[in-house]
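The structure appears below as structure tokens.
The values are calculated or read from the model by the stated rules, or taken from the named source; none is laboratory data. Just so we're clear, the structure is a prediction, and the values are computed from it rather than from any experiment. For neighbour counting, all protein chains shown are included, and Cβ atoms are generated from backbone atoms with ideal geometry for every residue, glycine included. Ligands, DNA and RNA are stripped out before the accessible areas are found, and what is left, the full protein with its side chains, is counted by its heavy atoms. Shrake-Rupley method; radii C 1.70, N 1.55, O 1.52, S 1.80 Å.
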Amino acid sequence: MIAKIKYIFVFILLLSFNYSFGQATNKKVTPKKAVLVPLAKERAYTKWSAKAGANLSVIFLARNTKDNNNSPGYCGGLTYEVNNFIRISSLYTRFRPINIEPTWYDIKANTYEMNLEVVARFPNKKTLLYPFAGFSYNTFSGFFTGELDYLNLKEFYKANTTIQNNWLGLNLGTGIEHNFGILGIFIDYRMRVGKQDGSINIMDVCYTGGLKVRFPYGKLAKSLDHINDRFYWF
């Protein structure tokens, strides 16, 4: 009796194995579809750009009593985009020598400045409006005759001598920019406030315009880009 039960048990196991094997061989295998991972789009430009242009400025407004007192000059600088809304810009300006007859002659002036720009983008993504504020270091050199000295500067300076002044200024202004790919154009308006001759005044009112060039994201930029990666330093 026990032997028959063993035979029946073995027979059932064989049937179960045969059924399972048949199901496994007849089951369709659906191949998985390949998932395409989109490649990250390479940046066309770096965060750096250069600009150069010309300007018209009232050099040392308190001393410039001429009717047509705008002096031409040229400028250049760099801009760094911290993010989509903040930029840091530098600008060097050199003015053409002018005379403010009969009080001042052979006036030479230079300006070095650093500004923080807040960027507002138009819907076309190419036109930008950027109010800015910052600091400037300004130099002024001229021959002081003392004639028609309406400001009574002879209290501070000796007549018929060359006077040199350096002063720190606060820059306030706004600008607009439009980009055409790698090239762009910009126009700025700024005022510089500083202290000179014993009082705080608007020292300079300046209009600037020129070209901007964005640096392409080439091989050099790629080689330096990992420096900004937070994992580079660890």
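The table that follows gives values for the structure above.
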{"quantity": "Test for N166: is it open to solvent by less than 40 Å² (accessible area, probe 1.4 Å) and either over 30 Å from F215 (Cα atoms) or in a strand (DSSP E or B) (or both)", "calculated": "no"}
{"quantity": "Members of region 134-154 that are assigned to a helix (DSSP H, G or I) and either surrounded by 15 or more Cβ atoms within 10 Å (Cβ to Cβ) or in contact with a Leu (Cβ under 9 Å, 6 or more places away or on another chain) (or both)", "calculated": "L153"}
{"quantity": "Residues satisfying the stated conditions in region 97-120, i.e. among the charged types (D, E, K, R) and at pLDDT 90 or above", "calculated": "D106, K108, E113, E117"}
{"quantity": "Boolean, T79 is surrounded by 14 or more Cβ atoms within 10 Å (Cβ to Cβ) and not in a loop (DSSP other than H, G, I, E, B)", "calculated": "yes"}
{"quantity": "Among residues of region 99-117, those that are crowded, with 21+ Cβ neighbours inside 10 Å, assigned to a strand (DSSP E or B) and either of a type in the set (V, I, T) or touching a Ser or Thr at 6+ places or on another chain (Cβ under 7 Å) (or both), counted", "calculated": "6"}
{"quantity": "Subset of region 118-133 (residues that are under 22 Å from G194 (Cα atoms) and buried (at least 20 other Cβ atoms within 10 Å of the Cβ))", "calculated": "F132"}
